[in-house]
Amino acid sequence: MTHVIAQGTFDILHPGHVHYLRDAKAFGDRLTVIVARRENVTHKEPPILPNRQRRDMVAALDPVDDARVGHPDDIFAPIEEMEPDVIALGHDQHHDESAIEEELARRGVECEVRRAGPREPQYEEELLSTGRIIDRILEERG
């Protein structure tokens, strides 16, 4: 059985998230999603929704077999614990594949790092980014 781990913030779920998780699941047989802790999100604005709510929403998606909130201090700790076969990155995630592979090798974790493909909007008004959804809300209701 091929175990895949995907990870992300998943603040406001949208079709781009579903696409990413479907692609990730297609890399193997079992998909575990690690939802980033609010306090660990430093590369962009922190999520609005609580950790547990984001985890519960991700867990409810069909491709997901298990979802958990990330480690409070070490983002690689759950990966060491679960020993996945594949880590699936979203097509637009800021992570550097080679840096991840180097850290995994340093920790003795053997797994492949793959990137999911992009999903283009299927109609003009479709929003595939949490940031764009928030911007639209602010434009129309702010």
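Relative contact order, percent, of region 1-129 when contacts are C-alpha pairs under 8 Å separated by at least 6 residues? Walk me through the intermediate numbers first.
Numbers: 211 pairs, mean separation 38.4, N = 129.
Once normalised by length, the contact order is 30 percent.
Roughly speaking, what is the stretch gain from GLU112 to MET82, that is 0.36 nm per residue apart minus the C-alpha to C-alpha distance, in nm to one decimal?
Numbers: separation 30, 0.36 × 30 = 10.80 nm, distance 1.38 nm.
Full-extension gain reported as 9.4 nm.
Highest first, please rank the peptides 83-94, 115-126, 52-63 by the mean number of other Cβ atoms sitting within 10 Å of their residues.
Details: 83-94: 17.5, 115-126: 11.6, 52-63: 15.8.
Output ranking for 83-94, 115-126, 52-63: 83-94, 52-63, 115-126.
Through the Karplus equation 6.51 cos²θ - 1.76 cosθ + 1.60, θ set to phi - 60°, convert the phi angles of region 51-66 into ³J(HN,Hα) values in whole Hz; use x for Gly and Pro.
Values per residue, Gly and Pro as x: 3, 5, 5, 5, 4, 5, 5, 5, 4, 7, 6, 4, x, 8, 8, 7 Hz.
Carbon and sulfur atoms: what percent of the 1.4 Å accessible area of the chain do they account for?
Values: 3840 of 8510 Å².
That fraction is 45 percent.
Need one number: nm distance between label points at ARG136 and ASP74, each 7 Å from Cα along Cα→Cβ, rounded to one decimal.
Between ARG136 and ASP74, the simple spin-label model gives 4.1 nm.
For the chain, with every protein chain kept in place, what is the accessible area per residue (1.4 Å probe, Å²)?
Numbers: 8510 Å² over 142 residues.
I get 60 Å² per residue for the chain.
For a quick check: with amide H placed at 1.01 Å from N, whose amide H comes under 5 Å from ALA6's, ignoring anything fewer than 5 positions away on the same chain?
Result for ALA6 returns THR32, VAL33, ILE34, ALA88.
Could you work out the equivalent-ellipsoid semi-axes for the chain, taking the square root of 5 times each eigenvalue of the Cα gyration tensor, largest first, in whole Å?
Values: eigenvalues 133, 57, 40 Å².
Working from the Cα gyration tensor, I get semi-axes of 26, 17, 14 Å.
The values are calculated or read from the model by the stated rules, or taken from the named source; none is laboratory data. What you see is a predicted model; the values in this text were computed from it and never measured. Neighbour counts are summed over all protein chains in view; Cβ atoms, including those assigned to glycine, are modelled from backbone coordinates with ideal geometry. To get the accessible areas, we keep the full protein, side chains included, count just its heavy atoms, and leave off ligands, DNA and RNA. Shrake-Rupley method; radii C 1.70, N 1.55, O 1.52, S 1.80 Å.
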